[in-house]
Structure formats: C-alpha cells, structure tokens
1. Express in nm, to one decimal, how much length is gained between A:E181 and A:V147 on full extension, taking 0.36 nm for each residue of separation and deducting their alpha carbon distance.
2. About its Cα centre, what dipole magnitude does the stretch B:87-156 give when the only charges are +1 on Lys and Arg Cβ and -1 on Asp and Glu Cβ, stated in debye to the nearest 20?
3. Using only the Cα atoms of the stretch A:656-766, build the gyration tensor, take square roots of its eigenvalues as a ≥ b ≥ c, and label the shape rounded, prolate or oblate: rounded if a/c is under 1.5, else prolate if a/b is larger than b/c, else oblate.
4. To the nearest 0.05, how large is the calculated FRET efficiency for A:D714 and B:A20 if R₀ is 41 Å and r is the Cβ-Cβ distance?
5. About the Cα centre, and with charges only on the beta carbon of Lys, Arg (+1) and Asp, Glu (-1), how big is the dipole of the stretch A:583-733? Nearest 20 debye, please.
6. Using the Karplus equation 6.51 cos²θ - 1.76 cosθ + 1.60 (θ = phi - 60°), what ³J(HN,Hα) coupling, rounded to whole Hz, does each residue of the stretch A:742-758 give in order, writing x for Gly and Pro?
7. Starting from the amide H of A:S291, placed 1.01 Å from N in the peptide plane, find each other amide H under 5 Å away whose residue is 5 or more places distant or on another chain.
8. Using a Cα-Cα cut-off of under 20 Å, which aspartates and glutamates could be cross-linked to A:K70, ignoring same-chain neighbours fewer than 8 residues away?
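Readers should treat all values here as calculations from the given coordinates under stated rules, not as data from a laboratory. Quick caveat, the model's predicted, so the values are computed rather than measured. Positions of Cβ are generated from backbone atoms using ideal geometry, with glycine treated the same way; all protein chains shown enter the neighbour counts.
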Amino acid sequence: MTTHVVGKNLRKVDGVKLVTGRPAFTDDIQLSGMLYGKILPSPHAHARIARIDTRRAKALAGVHAVLTYKDVPRVPHTTAGQAWPEPSPYDTYLLDNKVRFVGDRVAAVAAETRAIAEKAIQLIDVEYDVLPAVLDMEQAMAPGAPVIHDEPDSTKIYDRERNIAGYILREIGNVEDGFRECKYVIEREFRTGRQQHCPIEPHISIAWLDPDGRLVIRSSTQVPYHARRQCAMILQLPVSRIHVIKPRIGGGFGGKQEMLLEDITGALALAARRPVKIEYTREEEFYMARSRHPQILRMKMGATSEGVILASQMTVLATTGAYGSHSTTVQGNTGSKVLPMYRAEHMRFECHVVYTNAPVAGAFRGYGCPQGFFAQESVMDELAEQLKMDPVDFRRRNAIRLGDIDRLSAQLGEGREGLPRVIRSCGLYECIDRGAEAIGWDKKRRARSRPGHLKRGVGVAFTMQGSGIAGVDWASAFLKMNEDGSFFLQSGASDVGAGADTVLSQIAAETLGVTLDKIVITTGDTDTTPFDVGAYASSTTIISGGAVRKSAERVRDQVLEVAARMLDTTPDNLICADNRVSTVCPCSKSVTMTEIALQSMYKDKMQIMGGDSHFNTDSPPPFSVTFAEVEVDTETGKVRVVHLVSAVDPGTAINPMQAEGQVQGAVAQGLGYALTEELLLDELGRPRNANFLDYKMFTAKDMPKLTTILAETDEPLGPYGAKSISEVPINGPAPAIANAIYHAVGIRVRKLPIRPEELLCALRKE
Amino acid sequence: MKRMTIRLTVNAEAREWSIAPGDLLLDVLRREGYFGVKRGCEKGECGACTVLVDGKPINSCLMFAAQADGRDVLTIEGVAQGDHLDPLQEAFLDHGAVQCGYCTPGMILNAKALLARNPNPTEDEVRDAMSGNYCRCTGYVKPVEAVLAAVKAARRRP
C-alpha cells in the first residue's frame, strides 16, 4: 500500500511549542489566588494514627485548608488508572487513620505559599501507635506477620490475613508430564529490583472550581477519563461535575497511569474554595509515587535432546508494597506475555502478590515483562549451553511464529479470563537476522577470550509484549471539517511525550488524503474530547489510532458525497489525495478540500463531521530481539556495555523516527534496570537514595553505542498495519547483558541490578 | 518580609524585579512567566532548569535570583528570533530529538553554550556537555544526533 503521510518521518505536531519553551505543561499557568498544597508523609512504615491535632497548623497565617481522615469521605478505591471495573483491589483511602509505608498520606494542607505549606504540615501534631512492619516479601505471608490491610471495608483483596493482594494459577497441559519427557531440565531463582519511573516532570495536579462550580483538575496524567471517574467516586461528585485536563506531560512511563494527586488536590480545592496545586518534589516522587514491582522468580524449563522445549513453568513472588495498585495485572503479564514466547506444550504460571510496608509498586513500561524475560531468557541460555546449541539457534527453533495461537493469553487476561492471541504478523525472524549481523554475533560468539582483565562477551534475548488489552481497551475519536479544508481531530488519547498526537494526526491525514498541516488535533480533555482509556498497555497507536481511522473514513465518505455532487459523478469514482478530491476516471476532474468545505457549509448547510469507537478482541504482540556486547573488568566487577542492538517489529511504523525514539528511550531505561537503578530502603522502610545523584540513571555519557532496527510487518488488526513499540524494547537489555556477562566471564547473574561489588565477589569465588 | 530589587537582562530585554533575598532564580523566572525554565529536581542534578547566565549554562535552581543582578540571562524563550527558530531547535525537530519536551529547553541551551565555545565539537564533546541534562525519553541518541547535525549545517553555511 502506498502511503503519503503514514510511514513518513514528519516533525512532531506539538514540537515547536516544546523547543521554544512555550507554556504547555501542567505547571505553566498562573491562577489568581492559587494555593500550594502539601502532603504530610508518614515517617513510619506501619502505624495507626492515635491522635491528630491540626489546630496549630490551621492557626498559621496563610493556611486555608487542613485535611485529615476526619474531614473527608471514606471511600475504598484503587489508584490504578484502569478500565472500570478495575481488577486492582479497593484498598486505598483519600486519607486514613492508618499509614502503611514511609511516605503514606497522613494529612494535607493548602496555604498561600509553598513555605507556609511546608511549615504548616510540621505544625500538625500526630501521635502514632507504631505497629510492627514487614518489608521483606518472603516474610509477608508468614504466620504472625503484621496484617497490613486489617480494615474491614477494603474489597477485592485475595487473602488479607496473609497479606496476599492477589494470587494467580494457570496451567496449560500438564507441566509435570512435560518435564518427565525432557532430557534437560533447568530450574533457577531470580530477583529483581525496585526501579522508579523518574519522569523529569514529577507528578503535579492543579484543581479549582470553574465559574459554574465544576471541579477542574489539570493534571500530569496518562488517564484523564479514569482519573475523572475515580475522583468522582472518591470526592462523591457526579462525573459531570468534574473536568480533567491533560496538558503536555513531562514523561509518564506508567507512573502517571495512576490517580495520585488529583483526588487530594480536588479535596483541598473544595475545602479552600480556591485553586490548589500540589507538585511532588523529586524526593517525594521517588518514594510517594510508584515503582516497578520487585519479584522473586523461580523459572523451570525443559527440553528434549533435540532441543525442543516441552514445558516451562514460572513461579513468582512479587510485592506490590503497601497498596495493591496494578498488583494482579502486572504480575499476570509476567506469565501471559513471557511464557508464550516459546511454543512449549505445557506451561504453568503461579504467582503470589504480597503486601509489604514498602513504597507502592504500579504500572511501569513493560508491565511485569522485564522481570519475566530476565528469568526466562537466562534459563534459555543455560539450556542452550547444555544442549551445546547456539543460543540464537535454540531460541529460533522454539520461538512463537506466524499463525500460532497463544493459549495462555486465553486463560490470563486483565484480571479475568482473557482472549486467545493469534499471531497474524511476525517480524521476529527478521529481527534475529538483522540484529545478529549488526552485533557480529557469529564471529564474536566464537572469539577466544582476551588476555588481561577486560573480558568481552555477547548475549541475546527474545521478547514480546502486547498492543492494547484485548477486549478491554477502547477509544473513540471525532472529526469535523473547517471551511479552509482543514479538519479538527478530537481524541481522548493521552500523549505523554511519546508522540501520540503526531501519529494520530498522521493516520487522520492519510485517511482523508490531506497533508499533516490540515489536521488540528485536541486530545486529553474530558470536556471536549470523546472517551479513551488513556495511554497504557501499548494501546494508543493501535486502539486510539483505530478509532481515528474509522472516524476519518466516516468523514471521508461525507466529503466524497459532496464532491460527487459537485463533480457530477459518483463517490466510487473519487479519491482523496493532495488536499483535493479527484476522479479516478480519465476525465481528471477535481475539487479542492476548501471548495468542498465551502459548498457543504454555506450552500448545503451541513457540517461534515463524524466519530467512531474502536476496540480489538486480540492484542497483537510486537517482537524484539536484543543483542548486547559487554566488557567485564575482572578487577573491579564493573560491566561496560560496548554495543547494544535492539531490533523491533512494531508492525507498520507510522512515524519511523518517533518509533526509533521509543526504542532508544526504552533501551536506556532497560540499561538502568539492568545495571544501576534501584530505589533502596533501610531497615525501617525509609528511602536511602531518593535523589538522582544516588539513584543513578544513565546520562548521555553513560550510553553505549546503540543500534536501532525496525523490522516492519503489516498487522491486519492495526491501523495501516501498526502494532506498538513503546514497551517491548525495555524487556531485552537486562537478560541480554546477563547472558553476555556469562559469555565473557562464565558467571551467571541472577539478580538485578547487576552491581559491580556482587559480580566481583562472584568472580573472586571462581 | 525584606524585599530587594534586581536589574538584569533577560532574553535581551531589561528587567527590574522585586524579589526576596532567598528567592531562587528558577522560581523568579517562572513567576515572571518564563515557563520554559523547568523544575525537575531543585538540586542541580537534572538540568531541566538550565539557563545561560552571561553565556554560561547554570542550573537556575542552584542560583539565587539576587546573584543574577546585573547579569545577562538567556532562557529558551529567547533562543528563537520571533518565528525564526535557532538551527538547534530546527535540528531537534527534524531529528525527532523531542519526546515529552520537558528536558528539551535545558538540552538546547547547554548545546548552544557548547557551540558558542566550540563550534566543531566531536560526539564525545557533545555527550560530555549534555551529561548534565537527564532525559528519560530519548536515550540521548537523537538529541546528540540533532546537535551534530546543527554543527554540520552551520559548517555548510557561508
């Protein structure tokens, strides 16, 4: 299919305002009388509030509202920004008389300046009954462990007495039978760390009452519609009395798929009757926002002597921290998106997600897959070695392929039974071949060990993801034509920086046969755009893009009808291209979009407009193959990534330049996950490195040589063949690096992040 | 509270502001409507609040506004000439170097300062100069490409 706008490296439609620094983000407005909100965080990991006295805070000049659990409705809910009914437990309260982690909300104030707000929270007198805390996930289910959610009104908790937020068990075939038939069986344990999203813009929310008395919430959210529904429930307002605005967002990565500040700023604005802003400081962002679920995984796989995998089994213990946001769904993904990578006849996935008195985990790019693939791809490497097979060949032999049906996904959906996945497009094999060539696999794999203390090795990982949640995610869009032949596109999608507004505009322009400048897009405003679940699950291009394409097709039909009358022909003799409608037949007549718009508006008296909704009953997986070359310093244990190759099948790349950017950003986060990033807690549950300096993300100088390969395919379920790209490349770096370390120095690393001191200890033991 | 007056140049315009002695330059610039100066960490770690003071990149969260008295400040709002974008801004757009755009002003200003002192930097020098700008979206690949492309384009111009 020839396209004119789709598949082109066009500039971001919101780019100019971003490179010129125009006011586009949540905080870039000044409202008269705006107050600064501040949350008093719990200093204890687990405590009951025995007494709380706000009199001194309220008496401070400039303080306009102080809220504790006594002042607000008690409505159990989840902060997870998921489609209703959310699969996450309803175990969270706007404010509560119990705190469950260091950083949990104790009270909130609104004051005329930030300094007054900071002083006011210190003037709140709180007497805590400190309770025993459990921070170690392996202790959380033990008899006698403190019960974190002993409140009776929370719902959807799997087993509150044992601190189990969620439990999953799914089996296809019978793994025990499968393992019995295998010549080679390997079982290993893996541990993964607590990574934080670190959006450069911390969470921020500003709330005020508009002249009609409706609550307006301007927020850095990935899920404006879910946030509106959640706030309505928590603040006990009708949905129609809330207006959520998502401006430009300074990075989300899943952390803003969470209703974190909207409710409390809303409550303060209602109490103070003035605009209120809360912005997390960087320190607060680290421990009061969300992080990736730490997991302990036992991975067992078995293969025949011919190298055919018959059975794979993953047993996971994960902690969601103090609240169960995204608890079963993230962990469900760890099984459902990871195990089907290889065509084992027998698969089993079992998972306990436990509460601990630690900062809360949540949605994070990859959504459970980075943990699962680290385990699976490490065991795959060990199996290949036992079989004396090349790790790439062994994987290639067993990987999922075109036409396959992934039966595990049918059993394991978004907190319920899912739908089977059929592989209708698969660029995996192109990813393997091009990636292997880019890294120099064959040669480097056979290269002899270098003399000296710097040892090199190469490793590989195969991964996949999804594109939207099958049968759950849906979106809608609306288009109307203006008299200059341009179109307004309204979509509920949430561009969080990944370029959704541009991609959706490109899809609309392609469908309507106009240039990109003829599309004016509005997104992320619950008053003016139709519904969309929001930016998560790699859904925007395929689901929101599907809605845009359908809407544009409806509008194109109307355009063609008007043009047919003007050109005295029938719509089937017409095509839209180059901002005009032309006849297909040799008479070569045409009218411009402007002429059509003027005809319809001022002569026919009809607005050309239309909208549609879209969802899929399948979630086509994008594939990625990651190759890493590392250099291990055997004297220090330090690992330097020399070259990383990320080859990805995103379906059609609607904007290849943007697609590459998604891969590169995901790889950078994946490198941090593999090597440096972890939010550490002390024995009392207090954060030890809640700042950039000690947390250590990769900088421009730390990045290795990075090769990005797009192996495009044509996905029948996606608009113009698109699947997704933003999540899948984050899964590969950690296992590819761990496997490369083994190739370099013969040490299997089974814990993330891979710290030099631990690797050095292992090297010394050798 | 005690107030003081500072006189400075911001984006080639003379300004006179009443500030409190402890006000940070970041807060004062944003209060005065220069929203392109971003708040990311308030500890001088992320570089989102970078501005050029007398041509030198500084983290405005680490500088008192009072210290800017008599100085020449350039924020991202002053980089383009009207609708005419700076070659660095053009290159960032052409190379897909902008994702969320929150760190972009700091990156462009740091790159601008680098090119002023070294019009022909190597890739390593570009990475060095931008190592004070955390970016969580791009993996730095395209921003570095964009700066190098702007350098190349400048060389082609007579």
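1. Values: separation 34, 0.36 × 34 = 12.24 nm, distance 4.29 nm.
Full extension of this stretch gives 8.0 nm more.
2. Working: 8 positive and 7 negative charges, 25 e Å.
That gives the stretch B:87-156 a dipole magnitude of about 120 debye.
3. Values: a/c = 2.45, a/b = 1.64, b/c = 1.49.
Prolate, because a/c is 1.5 or more and a/b exceeds b/c.
4. Numbers: r = 61 Å, r/R0 = 1.49.
That gives a FRET efficiency of 0.10.
5. Details: 11 positive and 20 negative charges, 121 e Å.
Dipole size: approximately 580 debye.
6. Computed from phi, the couplings for the stretch A:742-758 are 4, 4, 6, 10, x, 10, 8, 9, 10, 9, 10, x, 7, 8, x, 5, 6 Hz.
7. Result for A:S291 returns A:A361, A:G362.
8. Correct list for A:K70: A:D53, A:D91, A:D96, A:D104, A:D125, A:E127, A:D129, A:D150, A:E151, A:D153, A:E262, A:D263.
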